[in-house]
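The values are calculated or read from the model by the stated rules, or taken from the named source; none is laboratory data. None of these values were measured; they are calculated from a predicted model. Neighbour counts run over all protein chains shown; Cβ positions are idealised from the backbone, glycine included.
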Amino acid sequence: MAEATAAIHGEHEETSTGLNNRKLLMWAFLGSDCMFFASLIATYVVYQGKSLKGPFPEDVFSIPITSVSTFVLLMSSMSMVLAYAALRQGSVKSFRIWIFSTAILGMTFLGFQVFEFRDFVHEGLTLKTNLFGTTFFTLTGFHGAHVTLGVIWLLSLGFHSFKGGITPDNHLDVDLAALYWHFVDVVWIIIFTVVYLFGVFPGIN
Amino acid sequence: MTTISLPIPKRPVHPTGVWSWITTVDHKRIGILYGVTAFIMFMTGGLEAMYIRAQLARPGQDLVSPEVYNQLFTMHGTTMIFLAIMPMGAAFFNYMIPLQIGARDVAFPRLNAFSYWTFLFGALMLNLSWVLGGAPNAGWFGYAPLTSSAFNPGDGIDFWILSLQILGIASLAAAFNFVVTIINMRAPGMLLMRMPLFTWMTLITSFLLILAFPVITVALIQLMFDRQFGSNFFLPAAGASPVLWQHLFWIFGHPEVYILILPAMGIVSEIIPTFSKKPIFGYPVVVLSGLVIAFMGWMVWSHHMFTVGLGPVANSVFALTTMAIAVPTGVKIFNWIATMWRGSIDFKTAMLFAVGFIWLFIIGGLSGVMHSSAASDAQQQDTYFIVAHLHYVLFGGSIMALLAGIYYWFPKFTGRLMNETLGKINFWLVFISMNITFFPMHFTGLNGMPRRIYTYDSGMGWDLWNAVSSAGAFMLGAGILLFLYNAITSARSGEVASADPWDGRTLEWTISSPPPEYNFEQIPTVQGRDPFWAQKYEGVAMVPVAGGSGENGGHSIHLPQPSYWPFVASIGIFIGGFGVLYINAASWIGVAVAVIGALITMIAVYAWSLEPVNDPDDGAAH
Amino acid sequence: MAQEPGTEAQGAAVHTGHPTPFTYFKVAMVLSAITAVEVGIFYIEDLGKGIIPILVVLSAAKFALVAMFYMHLRYDSRIFTGMFVGGISLAISVTLAILGLFQFFV
């Protein structure tokens, strides 16, 4: 039964493990990217509270606004998974709607980031100002760069589907993008907690 | 893939000459490209070493200025590690892994080509620094704040940073490829615990690479931001800690040294059984010790920082973990010796180098254990005692094993044997001169000679041993030149080799020397370790995969097609890297060049993903 | 294939079921609820340093939900889980070690 299901889902490949090469590659890449973000996060945490001068996190962070952008990104993960499910069920049209929705939600998140960064700069916080500025902009900036690459990838898939390039047969192409997208969301979950919530909670220091 | 009308050029069909090399995706050709480039880089690093030893041969010399001397040792270290040893390992991974596991190529042939070209451009960028304002000069480990723009205003460090990032991309791409290849493309019946040990060590090394490189990527990004954009990652005036650089660097740096030695151990684990006509003693233990070394390698990094002032708790913890990691390392030595015990030993050149490796690595390991005590390391750190240790493990270890591997697999690559007489002279010359060069450094080190000094006063008690080291170094240079001579003349007119010149044990010896483009006419089914030996002497035939391609003498095998895009993507990275390098100096021009480079790479990647597959019959072996 | 290539992969290509779009929607609601709770307790200042373990647990829950359901790890080969968890474990360990070395827990 498992074999039949697997065959329908196209997951039984002629490889030593039965797993698809590209999917294995993506998971190896995500494991590797964990170390990338861990190094940036560790740097941020080590320097937390050590800036010699302001602005400090409590001066600039707005938890309500960032909660909204966090929610937006979480919803984009849901729309991504619905895009994939729609494709598996054979509906390229639904797939298209959901994947463009994901890209739009991703761009909304980026929009929030851009506005937030501009606000901070107006309040005197830049990469050069202090340790907080240096570590904050680098960490969230690289996360934002990952999101941007993800948005480009999703848009490409969406446009590709107009030319008949995305069908239930090559669902793997979407699966790979989805894994990457969810990973980017998951990294933000950590950043939101460690940088924003821990950074501003009054009782913490 | 349905038809898509986009203006993407078709993949090249049967390219010839230079184009066939630029567009190749054949793992064997890529292996040769890596090997030749790495050897040229090895000699470049060796030349840098010759300058260093000439300068230090006698006290009070000024053959080179202190500024140039700093560039020499920085480039020597960076070149040897990133441009010589690692790519030479990659050459072997590339050529041998598919052959050892019974595959026709790696999992991602174009990504493989991309790794090579990116490595080449990284090597080019680093060496261009010599003529574009000066090479990096802050050691191969680039400690902050010496590498900050305040203390190091030239472009040298920026070249170092960008080159290492580019080389990092190359290494990561290759490592991902080998993880997937080894896990997913083994011949039927080749369970993980039946793989050749070189393949196992390659798998472990690849995991280390994909987990360790991101850390140095971040460290280099942070340093670059400090230098180019004025951030504060390592700026004490802003409250930052330069020690953070050291931590991030060595969290990468220590796994890196296992990345340098595990492939070498894998090679030795192939050669010793072959030339002892015995299976490796304790195969599961050798595998397990490799895994344990890789795991524990993450827990020892601060032993490079014993004199930084981390405090007694940190120093004690890392001293203990460092002592502990000597155990799995030592275990392998016993496995190799036990393999030779009561074996029918044939001291061909490859075997000489492999046994020489064991001897020299033991010495290097012993001095390593001496460093593991934080207390005694307080005297040894930053002296020539460490230089002695590292050269025993990296030259006496890695390089000896790589040379052994070349002697061993040369017939497979070229179809000809390297000359045995020259080989034996080569071995003894290298072995003896290596000891003459590096053993005295134990003495100068314990007598207080610091590292990275461009000269020293007479009467410190260092004169004699420095002179001896320098003489040894020149002998060693001659030894390497002899090796090169042997390799070149043997490739041209050496004795023709059969498929199996050494009475080998593993799958690569079942196919012709050199192998056909498709490697195996029929993929074999494997039933145990050392499957070729079992077939030859134990009656265990390797039944080919039924219905597998290749029945028509290879004419129905579909091979991956050549492609332009890996090369183009690498060029984009190279151009982009230069743009980023000059952002500080040339702001908008630097940004523009960086953007152009990024666009070229993105277009190449996009085209790569959409690349049409040529007519399958076009690619049939011919 | 005459010989099963995945001889050692008995559990590898198992496919034990497939979540429905409604499941995905439910997960999204749980994720939103957890986020709301995180933001909510953020305003309870009396928690002091106690908020750290609470937020860590809540974030870990969100992480696990996305990984298991959206990234399909619950239904896919354990090899994928192994690679991802391996990377995360190393990342967490190294981060904690760095923090320890900088006297974060003193």
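Let me spell it out: the conditions are (1) out of contact with any helix residue (DSSP H, G or I) (no Cβ under 7 Å at 6 or more places or on another chain); (2) assigned to a helix (DSSP H, G or I), and residue A:171 meets all of them except one. Which number is the exception?
Of (1) out of contact with any helix residue (DSSP H, G or I) (no Cβ under 7 Å at 6 or more places or on another chain); (2) assigned to a helix (DSSP H, G or I), only one is false for residue A:171: (1).
For every residue, the table says whether it meets (1) in contact (Cβ under 8 Å) with a residue 40 or more places away in the chain; (2) more than 9 Å from every other protein chain (Cβ to nearest Cβ); (3) surrounded by fewer than 23 Cβ atoms within 10 Å (Cβ to Cβ).
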residue: B:130; (1), (2), (3): yes, yes, yes
residue: B:145; (1), (2), (3): yes, yes, yes
residue: B:174; (1), (2), (3): yes, yes, no
residue: B:178; (1), (2), (3): yes, yes, no
residue: B:184; (1), (2), (3): yes, no, no
residue: B:191; (1), (2), (3): no, no, yes
residue: B:225; (1), (2), (3): no, no, yes
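Can you tell me how many residues within region B:300-334 are free of Cβ contacts under 8 Å to residues at least 60 places away in the same chain, more than 13 Å from chain C (Cβ to nearest Cβ) and outside any helix (DSSP H, G or I)?
0
Specify the residue that is nearest to the chain's Cα centre (by Cα); the eligible residues are those in region B:193-207 that are assigned to a helix (DSSP H, G or I) and within 11 Å of chain A (Cβ to nearest Cβ).
Once the filter is applied, the top-ranked residue is B:206.
Quick check on region A:121-128. Is at least one of its residues away from chain B (no Cβ under 11 Å) and surrounded by 16 or more Cβ atoms within 10 Å (Cβ to Cβ)?
Looking through region A:121-128, at least one residue is away from chain B (no Cβ under 11 Å) and surrounded by 16 or more Cβ atoms within 10 Å (Cβ to Cβ).
Does residue A:147 qualify as being touching a helix residue (DSSP H, G or I) at 6+ places or on another chain (Cβ under 6 Å), touching a residue at least 12 places away in the same chain (Cβ under 8 Å), within 14 Å of chain B (Cβ to nearest Cβ) and under 25 Å from residue B:606 (Cα atoms)?
Considered against the rule, which asks whether it is touching a helix residue (DSSP H, G or I) at 6+ places or on another chain (Cβ under 6 Å), touching a residue at least 12 places away in the same chain (Cβ under 8 Å), within 14 Å of chain B (Cβ to nearest Cβ) and under 25 Å from residue B:606 (Cα atoms), residue A:147 comes out as no.
Looking only at region A:104-114, which residues are without any contact (Cβ under 8 Å) to a residue 40 or more places away in the chain and away from chain C (no Cβ under 14 Å)?
Of everything in region A:104-114, those that are without any contact (Cβ under 8 Å) to a residue 40 or more places away in the chain and away from chain C (no Cβ under 14 Å) turn out to be A:104, A:108, A:111, A:114.
Working only within region A:37-54, note down all residues that are buried (at least 18 other Cβ atoms within 10 Å of the Cβ) and either in contact (Cβ under 8 Å) with a residue 60 or more places away in the chain or more than 9 Å from chain C (Cβ to nearest Cβ) (or both).
A:37, A:40, A:41, A:43, A:44, A:45, A:47, A:48, A:51 - these are the residues of region A:37-54 that are buried (at least 18 other Cβ atoms within 10 Å of the Cβ) and either in contact (Cβ under 8 Å) with a residue 60 or more places away in the chain or more than 9 Å from chain C (Cβ to nearest Cβ) (or both).
How many residues are more than 23 Å from residue A:178 (Cβ to Cβ) and part of a helix (DSSP H, G or I) if we restrict to region A:104-139?
Summing the residues that are more than 23 Å from residue A:178 (Cβ to Cβ) and part of a helix (DSSP H, G or I) in region A:104-139 gives 18.
With respect to residue B:221, determine if the residue is within 10 Å of chain A (Cβ to nearest Cβ) and either in contact with an Asp or Glu (Cβ under 9 Å, 6 or more places away or on another chain) or of a type outside the set (A, V, I, L, M, F, W, C) (or both).
In short, no.
Could you tell me which of the residues B:513, B:493 is buried (at least 19 other Cβ atoms within 10 Å of the Cβ) and either hydroxyl-bearing (Ser, Thr, Tyr) or modelled with pLDDT under 95 (or both)?
Answer to the selection: B:513.
Conditions (1) facing another protein chain (nearest Cβ under 8 Å); (2) surrounded by 15 or more Cβ atoms within 10 Å (Cβ to Cβ), marked per residue:
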{"position": "C:32", "(1), (2)": "yes, yes"}
{"position": "C:42", "(1), (2)": "yes, yes"}
{"position": "C:55", "(1), (2)": "yes, yes"}
{"position": "C:68", "(1), (2)": "no, yes"}
{"position": "C:73", "(1), (2)": "no, yes"}
{"position": "C:80", "(1), (2)": "yes, yes"}
{"position": "C:91", "(1), (2)": "yes, yes"}
{"position": "C:98", "(1), (2)": "yes, yes"}
{"position": "C:103", "(1), (2)": "no, no"}
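Conditions tested, residue by residue: (1) surrounded by 20 or more Cβ atoms within 10 Å (Cβ to Cβ); (2) outside the structural domain of residue B:198 (by TED's automatic domain parsing); (3) acidic (Asp, Glu); (4) within 26 Å of residue B:259 (Cβ to Cβ).
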{"residue": "B:19", "(1), (2), (3), (4)": "no, yes, no, no"}
{"residue": "B:47", "(1), (2), (3), (4)": "no, no, no, yes"}
{"residue": "B:56", "(1), (2), (3), (4)": "yes, no, no, no"}
{"residue": "B:64", "(1), (2), (3), (4)": "no, no, no, no"}
{"residue": "B:72", "(1), (2), (3), (4)": "yes, no, no, yes"}
{"residue": "B:80", "(1), (2), (3), (4)": "yes, no, no, yes"}
{"residue": "B:83", "(1), (2), (3), (4)": "yes, no, no, yes"}
{"residue": "B:91", "(1), (2), (3), (4)": "yes, no, no, yes"}
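Could you identify the single residue in B:154, B:168 that is at pLDDT below 95 and more than 8 Å from chain A (Cβ to nearest Cβ)?
B:154
When only residues in region B:88-118 that are assigned to a helix (DSSP H, G or I) and β-branched (Val, Ile, Thr) count, which is farthest from residue B:180 (Cα to Cα)?
Among residues in region B:88-118 that are assigned to a helix (DSSP H, G or I) and β-branched (Val, Ile, Thr), the one farthest from residue B:180 (Cα to Cα) is B:118.
Scan region A:1-36 for residues that are at the interface with another protein chain (Cβ under 7 Å from one of its Cβ atoms), over 30 Å from residue A:133 (Cα atoms) and at pLDDT 90 or above and jot them down.
A:15, A:16, A:17, A:18, A:19, A:21, A:24, A:25, A:27, A:28
How many of the residues in region A:84-103 are free of Cβ contacts under 8 Å to residues at least 60 places away in the same chain and of a type in the set (Val, Ile, Thr)?
1
Considering each of B:154, B:168, B:139 in turn, give the residue that is over 23 Å from the mean Cα position of the chain (by Cα) and either surrounded by fewer than 24 Cβ atoms within 10 Å (Cβ to Cβ) or closer than 19 Å to residue B:577 by Cβ (or both). Explain how you work it out, then say what you get.
Working: B:168 fails: over 23 Å from the mean Cα position of the chain (by Cα); B:139 fails: over 23 Å from the mean Cα position of the chain (by Cα).
Matching residue, one of B:154, B:168, B:139: B:154.
How do the helices (runs of 4 or more DSSP H) wholly within region B:373-486 filter down when requiring 2 or more residues that are in the same structural domain as residue B:73 (by TED's automatic domain parsing) and of a type in the set (Val, Ile, Thr): which remain?
Those helices (runs of 4 or more DSSP H) span B:384-393, B:400-414, B:420-438.
Please verify whether residue C:28 is at the interface with chain A (Cβ under 8 Å from one of its Cβ atoms), out of contact with any Cys (no Cβ under 9 Å at 6 or more places or on another chain) and at pLDDT below 90, treating the condition exactly as stated.
no
Select from region B:432-449 the residues that are surrounded by fewer than 21 Cβ atoms within 10 Å (Cβ to Cβ) and closer than 20 Å to residue B:393 by Cα and list them in ascending order.
Selection gives B:432, B:433, B:435, B:436, B:439, B:443, B:446.
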